[in-house]
Amino acid sequence: MTHDPLYDSIAETASSDDPSLHRVLIVGGGAGGLRLTSLLGATLGRKRKASITLLDKSRIHVWKPLLHEVASGTMDSETDSLELIAHARLRHYRYRIGAMIGLNRAKRQIYVAPSVDEEGQTVIPPRVLGYDTLVIAVGSMSNDFGTPGVNEYAITLDTLDQASRFNRRMINACLRANAQYEPLRPGQLHVAIVGAGATGVELAAELHKTMRDVVSYNLDRINPEMHIKIELIEAAPRILPALPEDIATATAEVLRQLGVNIRTGTRVMEVRAGEVVLASGEVVPAELIVWAAGIKAPDFLHEIDGLETDRINRLVVRPTLQTTRDDDVFAIGDCASVTLPGETEPLPPRAQVAHQQANFMVKAIKARLHGAPLPQFKYRDFGSLVALADYRTLGVLFHNVKLQGLLARLSYLSLHKRHLQALHGSFKVALDTLVNAITRRTEPRIKLH
C-alpha cells in the first residue's frame, strides 16, 4: 500500500508540541527499535532537542529471543514484560499504538491502520504520522515458504500472544492426557518443531524440561519417558546451520541424550491437524506443532512506495543504514538487508546486529541534526551462544573462544541484561534482578496458567 484516498483525507497527527523540533519516527518496538527509542528519548527527547515517537501495534515489549521461554513456561510474560505506555513517559518519548501499513515518501508520512479490540470495536481510528527521519524496525516473521497447512495447524513464535497461546496449549495437553480414561492416541503429547535454528533448538530443550515439570505437579498418569516425545525437523544437513559446526555437533549430542529425535535433511511438505507430512511421504503425528523454519520481513514492506526490497521483503540499505532510494528513511534489525563493504552476504538476522545498529543510529541521527556527514555502520561479531534449558549452554565468542557451562550461561544471560540496561538504566536492572532472585524461590519454576 502506498497512496490511499482514505489517508489522504486524514489530517497528519502531530508528533511534537514544538513544530521546530526534528521529528524522529521509529516504527517497531522490538530489540532494535525500542533500544533506539529509549536511547534517543533519554538524550535528545529529555533535552527537547528532537521529537522522538515510537509506533508499535503491541502495548507490551518482550525481548524476542526469549519468546521460546514464554512458550515453554519458564518465563512469565506478565512479570518480565515492559509496558510501553509507562516506559514512554519515563524515557521521554511518545508512544503511538498501531501498525504501519503504508508510506508516502513525497509527504514524509506513514499510514497507520486502525486499532481494534477483542470485540472488533475501534479503539484508535486510522492515522497519518509525519516524520523528518523515519527508522523502520519492524523485525521479521516466520516464513512458511508456501507450505500448506502451516497457518491453520502450526503455531509460530513471532509474537508474545503466539508464545503464550502455545504455552496454554501445552499445559492443556498435559492436563487432558492425565484426565482421560482411554489410552493416549498416536501423537498425543508429541511435539514437532519444524526448523532447527536457535529458536527451534532452544525450544526443544526447554520443552523437554518444562513438560516434565508440569507432569511432576501430580499428573501421575503420564509417564514422561514413555508418553512425551519431541521431534526436531530441519531441511538443512545439520541443526543450527548458521552457527559453527562444532557447536551444532555438541548441541545435537545433548539433545539426543535428552531423547529428542533429530531429523536433518528433511523437508516438510504439508502440515495437517495433528500431523506433519515429510517429503518422503512419512507422516509424523504430533499434538503440538511449532513452525520455526526461516524468516521474512512483513509483507507490507515489499517495494513499499518504490523502496528497494529483497526476496524476503527486507529493505535494502546502504552502510549508513539509509534505504537506497530515500535518505530520510532508515531500516535496522531483521527487516533491513545491509551488505557491508568487502562482504558478499547481508548481515544475519540476529539480536546483536539489531543492538549494534540501534547504537549506531543514535550517532547517525545526532549527525543529521547537526548537518554532519553520516558515519558508516561497522559490525562486530561477538559470537554465538545456545542455551539448552538448565542442561547445558554452549557457545563461541570472538570466533575462537569456546565456552560452556556456567561461564557460557552467564554470558547468555548477560545479553538480555544488557538489553534491559539500555531500556531502564543500570539501577533498575540491578534492583529487578535482586527482586526476581528472591521471588523465584517462593513461586513455581514454570508458568502453570
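Here are the numbers:
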quantity: The listed residue being in contact with a Pro (Cβ under 8 Å, 6 or more places away or on another chain) and either modelled with pLDDT of 95 or more or in the same structural domain as Arg267 (by TED's automatic domain parsing) (or both), out of Gly187, Gly200; calculated: Gly187
quantity: Residues being under 19 Å from Gln421 (Cβ atoms), surrounded by 17 or more Cβ atoms within 10 Å (Cβ to Cβ) and of a type in the set (D, E, K, R) - total across segment 76-91; calculated: 1
quantity: Single residue of segment 199-226 satisfying the filter (touching a residue at least 12 places away in the same chain (Cβ under 8 Å) and in a loop (DSSP other than H, G, I, E, B)) that is surrounded by the most Cβ atoms within 10 Å (Cβ to Cβ); calculated: Ile222
quantity: Hits in segment 20-61 (condition: closer than 18 Å to Cys335 by Cβ and part of a loop (DSSP other than H, G, I, E, B)); calculated: Gly28, Gly29, Gly30, Lys57, Ser58
quantity: Odd one out for Asn218 among (1) among the polar types (S, T, N, Q); (2) at positive phi; (3) in contact with a Pro (Cβ under 8 Å, 6 or more places away or on another chain); calculated: (3)
quantity: Near pairs, Cβ below 6 angstrom, 6+ apart or cross-chain, from segment 358-382 (of a type in the set (A, V, I, L, M, F, W, C)) to any residue that is in a helix (DSSP H, G or I) and surrounded by fewer than 18 Cβ atoms within 10 Å (Cβ to Cβ); calculated: Leu374/Ala367
quantity: Residue list for segment 369-413, filter: touching a strand residue (DSSP E or B) at 6+ places or on another chain (Cβ under 7 Å) and in a helix (DSSP H, G or I); calculated: Ala408, Arg409, Ser411, Tyr412
quantity: Given (1) in a loop (DSSP other than H, G, I, E, B); (2) closer than 30 Å to Asn104 by Cα; (3) in contact with a helix residue (DSSP H, G or I) (Cβ under 8 Å, 6 or more places away or on another chain), number of the condition Ile312 does not satisfy; calculated: (3)
quantity: Residue in segment 304-326 that is of a type in the set (Gly, Ala, Ser) and closer than 29 Å to Val201 by Cα present; calculated: no
quantity: Residue identified as among the aliphatic types (A, V, I, L, M), closer than 30 Å to Arg165 by Cα and crowded, with 22+ Cβ neighbours inside 10 Å among Ala351, Ala336; calculated: Ala336
quantity: Scan of segment 346-360 for residues that are under 20 Å from Thr199 (Cα atoms) and touching a Lys or Arg at 6+ places or on another chain (Cβ under 7 Å), ordered by number; calculated: His355
quantity: Subset tally (residues that are surrounded by fewer than 19 Cβ atoms within 10 Å (Cβ to Cβ) and closer than 29 Å to Pro126 by Cα) for segment 43-75; calculated: 7
quantity: Where a residue in segment 257-281 is over 17 Å from Leu240 (Cα atoms) and its partner, wherever it lies, is of a type in the set (Asp, Glu) and assigned to a strand (DSSP E or B), with Cβ under 6 Å and at least six apart; calculated: Val277/Glu270
quantity: Which listed residue, of Ala106, Ala113, Ala86, is under 19 Å from His22 (Cα atoms) and either out of contact with any Leu (no Cβ under 9 Å at 6 or more places or on another chain) or modelled with pLDDT of 95 or more (or both); calculated: Ala106
quantity: Selection count where residues are within 19 Å of Glu275 (Cα to Cα) and assigned to a helix (DSSP H, G or I), scope segment 227-254; calculated: 1
quantity: Matching residues, segment 238-248, being farther than 12 Å from Ala205 by Cβ and either surrounded by 14 or more Cβ atoms within 10 Å (Cβ to Cβ) or touching a residue at least 12 places away in the same chain (Cβ under 8 Å) (or both); calculated: Arg238, Leu240, Pro241, Ala242, Leu243, Pro244, Asp246, Ile247, Ala248
quantity: Residue in segment 305-312 that is within 15 Å of Lys378 (Cβ to Cβ), buried (at least 16 other Cβ atoms within 10 Å of the Cβ) and touching a residue at least 12 places away in the same chain (Cβ under 8 Å) present; calculated: no
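The values are calculated or read from the model by the stated rules, or taken from the named source; none is laboratory data. Everything numeric here is computed off the predicted structure, so don't read it as measured data. Counting neighbours? That spans all protein chains shown, and the Cβs are built from the backbone with ideal geometry, glycine included.
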